[in-house]
């Protein structure tokens, strides 16, 4: 079974929506939620993640063996999510061999060509399909 990790910060609502939609497409997925803070982790667990962990070291450890890593695009950028993504956490995500499914969130200060003008709901649906298909 593939190791799927969803990483989120702030309130964890984006991560929760990713988890809910991926599980709606493929209920057998075993998704681990890793939050940058306890509120984000708790929110993602409400979405159906089977395990949850919090903090920089949890991100580093989860990324080592992840087959798929999903979350806002800022998880690959040091100091993103209002500083919740540490340089070590961003490096762990970027260095992971796992397939990354990233959502372009404008709050991260990154624009992705082709995603401009699309609703967050449609982007989350696309991300859930990628997770379920991989």
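Do we have residue 117 as over 20 Å from residue 22 (Cα atoms), surrounded by 13 or more Cβ atoms within 10 Å (Cβ to Cβ) and free of Cβ contacts under 8 Å to residues at least 60 places away in the same chain here? Answer is no for this residue. The set of residues in region 17-59 being farther than 14 Å from residue 4 by Cα and touching a residue at least 40 places away in the same chain (Cβ under 8 Å) consists of 17, 24, 25, 36, 37. Screening region 1-111 for helices (runs of 4 or more DSSP H) wholly inside it with 3 or more residues that are under 10 Å from the mean Cα position of the chain (by Cα) and at pLDDT 95 or above returns the ranges 13-25.
The values are calculated or read from the model by the stated rules, or taken from the named source; none is laboratory data. In this text the structure is predicted, and so the values were computed from the model without any measurement. Neighbour counts run over all protein chains shown; Cβ positions are idealised from the backbone, glycine included.
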